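The values are calculated or read from the model by the stated rules, or taken from the named source; none is laboratory data. This one's a predicted model, so the numbers in the text were calculated from it and none came from an experiment. So basically every Cβ, Gly included, is an ideal-geometry build from the backbone, and we count neighbours across all protein chains shown.
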Amino acid sequence: MTESAIRTERLRRVYQPRRSAPRVALDGIDLDVPVGEVHGLLGPNGAGKTTLVKILSTVLLPTEGRAEVLGRDVVRERDAVRRLIGSVFGGDRGLYGHVSVRRNMLFWASLYNIHGKAARLRVDQLIERVGLADRAEEPVENLSRGMVQRVHLARGLLNDPRLILLDEPTSGLDPVAALEFRTLIGELVADGRTILLTTHDLREAEALCARVSMVDRGRLLMTSAVADIGSHLATPDRVDFTVDPAAQGGVLAALAVHAEVASIEALEVPGRHRIHPSSTAGVAVVLRFLYEQEIFSVSTSPPSLEEVYLHVVGERGMAV
């Protein structure tokens with residue numbers, strides 16, 4: 001039987017403000033994440049993602065149900081759970097801007113009861129691993145946002161955690177910094193660690209995650225392997241093709257009135273378009289039509305994670 005890194009059963013969390021009605025943040029979540037997996041947690045703002053992460057990291061107590069991290073109960077074995085996890089959040093929380101990268105790290109090492117030579121060795125290893133050895137003496141406030149996020153990651157690795165909780169880790173990063181951070185995440189997975197990733201970036205989830213869970217209004221809507229996500233929509237595969245600019249007008253005009261074409265959209269690559277066939281049988285008909293037009297740069301693909309997400313979550317899925 002596969003070991004679970006995260007297991008929740010009927011997990012429920014209710015907030016009870018003093019002057020307003022109770023608010024249900026989690027409503028009976030059953031989740032099982034095996035060891036060694038990158039698991040994405042997707043949903044609009046207010047869906048319950050951060051509440052779940054806080055319970056798993058022992059910051060919040062559940063109202064009902066139970067949650068385990070690597071077989072340890074987050075309520076009864078809180079200290080053991082804390083030794084097994086590392087948390088990385090987006091933004092500037094948890095670091096001291098006027099203090100150098102190394103001093104920040106040494107401070108956090110002391111909170112993990114790592115001191116002296118062992119602390120210095122561990123800190124230097126992690127600073128090197130996240131590519132900041134040449135900036136170790138720089139105040140954090142002088143670093144770019146991408147570098148700051150690398151410091152957060154290094155801090156989250158101080159206790160050598162088996163489970164890493166990443167809450168919007170690339171939020172606000174430019175594309176290059178985000179790609180570098182994702183590369184670091186890939187290296188951590190290669191080490192055998194488990195990662196729970198909450199993100200609004202569906203392309204990031206598609207690139208990094210083996211499976212994803214979609215939540216909204218505190219409920220778990222679905223869990224699926226990313227590779228199989230398209231099967232959750234009863235829609236045909238899309239057909240992508242590239243056409244020479246000289247022939248583009250005629251081909252698009254013919255497709256626009258084709259009985260098996262529901263819609264056509266232009267993609268980011270010049271000359272590249274996507275056809276949404278009107279039926280599953282229509283995919284083969286559309287492919288045959290393109291080949292008859294001597295268009296051979298053609299590929300098919302199932303519905304994307306983004307399309308499934310918007311279908312499952314609905315209009316609230318845009319509230320990110």
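Looking at ARG13, is it of a type in the set (D, E, K, R) and buried (at least 19 other Cβ atoms within 10 Å of the Cβ)?
Considered against the rule, which asks whether it is of a type in the set (D, E, K, R) and buried (at least 19 other Cβ atoms within 10 Å of the Cβ), ARG13 comes out as yes.
All but one of (1) within 21 Å of GLU168 (Cβ to Cβ); (2) at pLDDT 95 or above; (3) of a type outside the set (Ser, Thr, Tyr) hold for LEU106; which doesn't?
(1)
Hey, ALA205 hits all of (1) at pLDDT 90 or above; (2) in contact with a helix residue (DSSP H, G or I) (Cβ under 8 Å, 6 or more places away or on another chain) but one; which does it fall short on?
Result: ALA205 passes all but (1).
Can you find a residue in the stretch 207-226 that is surrounded by fewer than 16 Cβ atoms within 10 Å (Cβ to Cβ), of a type in the set (Asp, Glu) and touching a residue at least 24 places away in the same chain (Cβ under 8 Å)?
no
Given the condition among the basic types (Lys, Arg), assigned to a strand (DSSP E or B) and surrounded by 15 or more Cβ atoms within 10 Å (Cβ to Cβ), answer yes or no: does some residue in the stretch 70-81 qualify?
yes
So LEU61 passes all but one of these: (1) crowded, with 22+ Cβ neighbours inside 10 Å; (2) part of a loop (DSSP other than H, G, I, E, B). Which condition number does it fail?
(1)
Of the numbered conditions (1) surrounded by fewer than 19 Cβ atoms within 10 Å (Cβ to Cβ); (2) among the polar types (S, T, N, Q); (3) under 24 Å from the mean Cα position of the chain (by Cα), GLN293 satisfies every one except a single condition; which is it?
Tallying (1) surrounded by fewer than 19 Cβ atoms within 10 Å (Cβ to Cβ); (2) among the polar types (S, T, N, Q); (3) under 24 Å from the mean Cα position of the chain (by Cα), GLN293 fails exactly one: (3).
Looking at VAL24, VAL123 in this structure, which one is of a type outside the set (Ser, Thr, Tyr) and either buried (at least 20 other Cβ atoms within 10 Å of the Cβ) or part of a loop (DSSP other than H, G, I, E, B) (or both)?
So the residue among VAL24, VAL123 that is of a type outside the set (Ser, Thr, Tyr) and either buried (at least 20 other Cβ atoms within 10 Å of the Cβ) or part of a loop (DSSP other than H, G, I, E, B) (or both) is VAL123.
Take the residues of the stretch 128-152 that are of a type in the set (Val, Ile, Thr) and under 10 Å from GLY97 (Cα atoms): which is modelled with the lowest pLDDT? Don't jump to the end; show me each part of the working.
Quick first cut of the stretch 128-152, residues of a type in the set (Val, Ile, Thr) only: 130, 140, 148, 151.
Filter once more, so that each one left must be under 10 Å from GLY97 (Cα atoms): 140, 148.
Working: VAL140: 93, VAL148: 90.
By that ranking, first place goes to VAL148.
Being in a strand (DSSP E or B) and either farther than 17 Å from TYR291 by Cβ or basic (Lys, Arg) (or both) is the filter here; which residues of the stretch 242-263 pass it?
ALA262, SER263
Rundown of residues vs (1) outside any loop (DSSP other than H, G, I, E, B); (2) among the small types (Gly, Ala, Ser); (3) surrounded by fewer than 16 Cβ atoms within 10 Å (Cβ to Cβ), yes/no style:
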{"site": "ALA5", "(1), (2), (3)": "yes, yes, no"}
{"site": "GLU9", "(1), (2), (3)": "yes, no, yes"}
{"site": "ALA47", "(1), (2), (3)": "no, yes, no"}
{"site": "THR50", "(1), (2), (3)": "yes, no, no"}
{"site": "ILE55", "(1), (2), (3)": "yes, no, no"}
{"site": "ALA67", "(1), (2), (3)": "yes, yes, no"}
{"site": "GLY94", "(1), (2), (3)": "no, yes, yes"}
{"site": "ARG102", "(1), (2), (3)": "yes, no, no"}
{"site": "LEU106", "(1), (2), (3)": "yes, no, no"}
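Quick test of your reading of the structure: SER144 fulfils all but one of (1) without any contact (Cβ under 8 Å) to a residue 60 or more places away in the chain; (2) surrounded by 15 or more Cβ atoms within 10 Å (Cβ to Cβ); (3) among the small types (Gly, Ala, Ser). Name the failing condition by number.
Result: SER144 fails condition (2) only.
Output the residues belonging to the stretch 161-179 that are in contact (Cβ under 8 Å) with a residue 40 or more places away in the chain and not aliphatic (A, V, I, L, M).
Once the filter is applied, which keeps residues that are in contact (Cβ under 8 Å) with a residue 40 or more places away in the chain and not aliphatic (A, V, I, L, M), the stretch 161-179 yields PRO161, ARG162, ASP167, GLU168, PRO169, THR170, SER171, GLY172.
State whether one or more residues within the stretch 33-44 are acidic (Asp, Glu), in a strand (DSSP E or B) and either assigned by TED's automatic domain parsing to the domain that holds ARG193 or closer than 14 Å to LEU163 by Cβ (or both).
No; the residues of the stretch 33-44 include none that is acidic (Asp, Glu), in a strand (DSSP E or B) and either assigned by TED's automatic domain parsing to the domain that holds ARG193 or closer than 14 Å to LEU163 by Cβ (or both).
Has the stretch 176-195 got any residue that is surrounded by fewer than 20 Cβ atoms within 10 Å (Cβ to Cβ), farther than 30 Å from MET105 by Cβ and out of contact with any Ser or Thr (no Cβ under 7 Å at 6 or more places or on another chain)?
No, there is no match, as no residue in the stretch 176-195 is surrounded by fewer than 20 Cβ atoms within 10 Å (Cβ to Cβ), farther than 30 Å from MET105 by Cβ and out of contact with any Ser or Thr (no Cβ under 7 Å at 6 or more places or on another chain).
Enumerate the pairs (first residue in the stretch 100-118 and on the phi > 0 side of the Ramachandran plot and outside the structural domain of ARG83 (by TED's automatic domain parsing); second residue anywhere and surrounded by 11 or more Cβ atoms within 10 Å (Cβ to Cβ) and assigned to a helix (DSSP H, G or I)) with beta-carbon separation below 6 Å, excluding pairs fewer than 6 apart on the same chain, so at least 6 apart or on different chains.
Listed pairs, sorted by first residue: none to list.
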